[in-house]
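**Q** Sharing a structure here in structure tokens format.
The values are calculated or read from the model by the stated rules, or taken from the named source; none is laboratory data. Quick caveat: nothing in here was measured; it's all calculated off a predicted structure. As a convention, Cβ positions derive from the backbone with ideal geometry for all residues, glycine included, and neighbour counts pool all protein chains shown. The area values use the complete protein model at the heavy-atom level, side chains included, leaving out ligands, DNA and RNA. Shrake-Rupley method; radii C 1.70, N 1.55, O 1.52, S 1.80 Å.
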Amino acid sequence: MKQESEWEPKLLGFLCRWCSYAGADLAGTSRKKYPANIRIIKVPCSGRVDSLFILKALRLGFDGVLVSGCHPGDCHYQTGNYRARRRIAITKRFLEYLGVEPQRLQASWVSASEGGKFSEVVTDVTQGLKEVGPNQLFERKKNGAKAKAGSKGTA
Amino acid sequence: MEQKLRQEAKALLEQGKVDWIIGFAPGSLKFTTTPLITQDKDDAEQLVINPFITNNLANFLTEIKGRVGIVAKGCESRSIVSLIQDNKVARENLVILAVPCPGIIDLAKIERLVGKDRDELDDITRDGDRVSVKVDGKKKEFPIAQVLFDHCLACELPTPQEYDIILGEPRLPAPELKVSGQSIASLKEMTPAERWASWENELSRCIRCYACRNVCPACFCQRCFVEETEPQWTLPMPHWQDNLIFQIIRNIHVAGRCTDCGECERVCPVNIPLRSLTREMYDIVGELFQFKSGMDKDALPLMVHYEQEEAEDFFR
């Protein structure tokens with residue numbers, strides 16, 4: 001019980017190199033506050049984010065995944081974020097159908113000038129994750145007896 | 001119909017219009033059929049069309065070089081069109097022999113209804129919308145909706161749209177047979193946690209034989225992500241977690257290619273209801289992008305195309 005009150009969600013962010021990552025930088029340089037729950041991976045484009053990355057992150061025990069890229073029309077590679085949008089849309093809908101809470105996969109468009117928006121998005125997403133609680137999707141319940149004892153779980 | 005198919009197939013091979021014929025031949029077990037892939041014109045005599053031609057023959061197209069004459073039911077034709085969209089096969093290399101399909105009989109359902117193994121049945125005949133099974137000298141009749149495969153009951157295209165030679169009269173989908181989505185509807189009534197638990201339960205049976213992948217015409221990757229070792233995305237051991245990730249990613253990979261032909265569910269040796277996954281993905285793609293796989297050979301594949309404004313609602 002004591003642990004529960006201290007629990008902080010772990011959020012994995014895939015930020016596009018051209019917009020959202022620079023947006024996160026701007027949030028930093030303009031001293032905007034955002035939760036330290038996010039771990040950021042820089043990707044060349046939001047179109048680089050494979051659905052496998054999202055599943056792997058959830059499998060490793062991240063409580064949520066945020067994919068963020070340039071606004072539609074602003075992609076450095078012209079069409080990367082449009083493709084990301086289709087892929088993430090079907091991934092999100094499919095995961096929800098399977099029973100993953102919708103809060104666990106989030107997406108946003110954050111441009112390089114939107115430091116404020118970035119901090120808002122991360123705050124929001126983190127808040128959402130706090131509401132749904134820890135990710136226990138892939139915890140061992142059935143297979144093997146290792147169940148609760150060695151829940152080293154996360155990355 | 002069968003005679004016409006044999007003549008046409010033989011003629012195609014004789015005239016050199018195709019190098020290969022892909023069709024169905026009688027299987028080694030009662031009531032079964034097996035895919036026949038041949039270059040020999042005499043083999044054309046073995047070709048059959050009956051209510052048991054289950055396989056999706058489009059699966060073999062990506063492995064065969066040269067011009068191919070292929071027997072196609074509605075579902076095959078959609079898979080073929082999908083392969084054409086993806087540039088996996090060229091339309092000019094194909095001669096499609098269209099079979100207007102009245103639905104395929106699921107032997108497992110008959111076994112369950114009759115309570116006997118398929119070896120013990122004497123005969124199964126179809127007459128319109130009744131199927132009669134002869135067993136121990138007695139005749140039992142069933143309405144067709146009870147014995148067809150689930151995916152046949154939800155069939156949207158019994159007669160191929162894309163074909164060169166048609167064998168028999170075109171058929172329209174029978175609206176009264178549409179009963180698909182029953183298990184999906186019951187899944188959707190559950191809470192998310194219950195749904196996830198039910199998938200955990202189903203997928204813990206999976207033995208990772210990859211039959212679902214190997215039988216799928218839409219799964220044509222040279223190297224599958226589950227076999228990659230650097231990085232190793234999933235463990236090769238059949239833990240339910242990795243089994244589930246395999247199925248999720250497989251469904252995402254074939255989104256917009258999957259025509260809901262139901263082969264994955266049919267071949268599953270541990271009876272995982274895989275069509276509850278494929279059908280839902282098919283519906284999601286239809287709802288979000290108004291995309292129906294395998295209908296228009298000139299359409300761009302789902303993940304190649306995009307619209308300026310679509311599927312925006314969940315983006316912050």
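**Q** May I ask you to verify whether B:Gly294 is in contact with a helix residue (DSSP H, G or I) (Cβ under 9 Å, 6 or more places away or on another chain), more than 27 Å from A:Thr79 (Cα to Cα) and either facing chain A (nearest Cβ under 8 Å) or surrounded by 21 or more Cβ atoms within 10 Å (Cβ to Cβ) (or both)? Explain how you work it out, then say what you get.
**A** Working: in contact with a helix residue (DSSP H, G or I) (Cβ under 9 Å, 6 or more places away or on another chain): yes; more than 27 Å from A:Thr79 (Cα to Cα): no; either facing chain A (nearest Cβ under 8 Å) or surrounded by 21 or more Cβ atoms within 10 Å (Cβ to Cβ) (or both): yes.
Answer is no for this residue.
**Q** Can you tell me which residue in the stretch A:56-76 is surrounded by the most Cβ atoms within 10 Å (Cβ to Cβ), limited to those that are more than 28 Å from B:Leu274 (Cα to Cα) and more than 10 Å from chain B (Cβ to nearest Cβ)? Quick ask: steps written out before the conclusion?
**A** At the first step, the residues of the stretch A:56-76 found to be more than 28 Å from B:Leu274 (Cα to Cα) are A:66-76.
Next cut, more than 10 Å from chain B (Cβ to nearest Cβ) only: A:70, A:74-76.
Numbers: A:Cys70: 25, A:Asp74: 14, A:Cys75: 21, A:His76: 14.
Only one residue tops the list, namely A:Cys70.
**Q** Find the residue count for the stretch B:197-238, including only residues that are out of contact with any Phe, Trp or Tyr (no Cβ under 9 Å at 6 or more places or on another chain), closer than 18 Å to B:Glu263 by Cβ and within 14 Å of chain A (Cβ to nearest Cβ).
**A** Selection size over the stretch B:197-238: 2.
**Q** Every residue in the stretch A:101-115 that is facing another protein chain (nearest Cβ under 10 Å) and assigned to a helix (DSSP H, G or I), please. Talk me through it step by step, then tell me what you get.
**A** Step one: filter the stretch A:101-115 for residues facing another protein chain (nearest Cβ under 10 Å), giving A:101-102, A:105-110.
Hit for the stretch A:101-115 is A:Pro102, nothing else.
**Q** Also, quick follow-up: Taking the stretch B:13-37 only, how many residues are out of contact with any Ser or Thr (no Cβ under 9 Å at 6 or more places or on another chain), at pLDDT 95 or above and under 28 Å from B:Arg118 (Cβ atoms)?
**A** Going through the stretch B:13-37 one residue at a time, the tally reaches 3.
**Q** Then there is this: Looking at B:Ser204, B:Ser198, can you tell me which residue is of a type in the set (Ser, Thr, Tyr), farther than 30 Å from B:Ser82 by Cβ, surrounded by 12 or more Cβ atoms within 10 Å (Cβ to Cβ) and modelled with pLDDT of 90 or more?
**A** So the residue among B:Ser204, B:Ser198 that is of a type in the set (Ser, Thr, Tyr), farther than 30 Å from B:Ser82 by Cβ, surrounded by 12 or more Cβ atoms within 10 Å (Cβ to Cβ) and modelled with pLDDT of 90 or more is B:Ser204.
**Q** Does B:Pro236 satisfy being in a loop (DSSP other than H, G, I, E, B) and open to solvent by less than 30 Å² (accessible area, probe 1.4 Å)? Steps first, answer last, please.
**A** Numbers: in a loop (DSSP other than H, G, I, E, B): yes; open to solvent by less than 30 Å² (accessible area, probe 1.4 Å): no.
Taking the combined requirement at face value, the residue does not satisfy it.
**Q** Another one. Of these, A:Thr123, A:Thr79, which one is open to solvent by 10 Å² or more (accessible area, probe 1.4 Å), under 30 Å from A:Arg31 (Cα atoms) and either within 12 Å of another protein chain (Cβ to nearest Cβ) or modelled with pLDDT under 95 (or both)? Give the steps one after another, and end with the answer.
**A** Values: A:Thr79 fails: under 30 Å from A:Arg31 (Cα atoms).
Residue meeting the stated conditions: A:Thr123.
**Q** Could you check the stretch A:82-98 and list, in sequence order, the residues that are facing another protein chain (nearest Cβ under 8 Å) and of a type outside the set (Ser, Thr, Tyr)?
**A** As a first pass, look at the stretch A:82-98 and keep what is facing another protein chain (nearest Cβ under 8 Å): A:82-83, A:85-87, A:89-98.
The answer is A:Arg83, A:Arg85, A:Arg86, A:Arg87, A:Ala89, A:Ile90, A:Lys92, A:Arg93, A:Phe94, A:Leu95, A:Glu96, A:Leu98.
**Q** Pick out, from the stretch B:73-174, the strands (runs of 3 or more DSSP E) lying fully within it that include 3 or more residues that are open to solvent by 40 Å² or more (accessible area, probe 1.4 Å).
**A** Values: elements: B:94-98, B:123-127, B:130-135, B:138-143.
Strands (runs of 3 or more DSSP E) meeting the threshold: B:123-127, B:138-143.
**Q** Next question, about the same structure. Test of understanding: among B:Val270, B:Val304, which residue is more than 30 Å from A:Asp124 (Cβ to Cβ), part of a loop (DSSP other than H, G, I, E, B) and either within 12 Å of chain A (Cβ to nearest Cβ) or in contact with a Phe, Trp or Tyr (Cβ under 7 Å, 6 or more places away or on another chain) (or both)?
**A** On the way: B:Val270 fails: either within 12 Å of chain A (Cβ to nearest Cβ) or in contact with a Phe, Trp or Tyr (Cβ under 7 Å, 6 or more places away or on another chain) (or both).
Step by step, each of B:Val270, B:Val304 is checked, and only B:Val304 is more than 30 Å from A:Asp124 (Cβ to Cβ), part of a loop (DSSP other than H, G, I, E, B) and either within 12 Å of chain A (Cβ to nearest Cβ) or in contact with a Phe, Trp or Tyr (Cβ under 7 Å, 6 or more places away or on another chain) (or both).
**Q** Collect the residues in the stretch B:96-142 that are among the basic types (Lys, Arg) and within 25 Å of B:Gln3 (Cα to Cα), keeping them in residue-number order.
**A** Quick first cut of the stretch B:96-142, residues among the basic types (Lys, Arg) only: B:109, B:112, B:116, B:118, B:126, B:130, B:134, B:138-140.
Listed by number, the residues that qualify are B:Arg126, B:Arg130.
**Q** If you don't mind, there's one more thing I want to ask. Do you know which of the residues in the stretch B:244-258 that are more than 10 Å from chain A (Cβ to nearest Cβ) and touching a helix residue (DSSP H, G or I) at 6+ places or on another chain (Cβ under 6 Å) is surrounded by the fewest Cβ atoms within 10 Å (Cβ to Cβ)? Steps first, answer last, please.
**A** In the first step, residues of the stretch B:244-258 are kept if they are more than 10 Å from chain A (Cβ to nearest Cβ); the result is B:250, B:254, B:257-258.
From what is left, the residues that are touching a helix residue (DSSP H, G or I) at 6+ places or on another chain (Cβ under 6 Å) are B:257-258.
Values: B:Arg257: 24, B:Cys258: 26.
Checking each candidate, the answer is B:Arg257.
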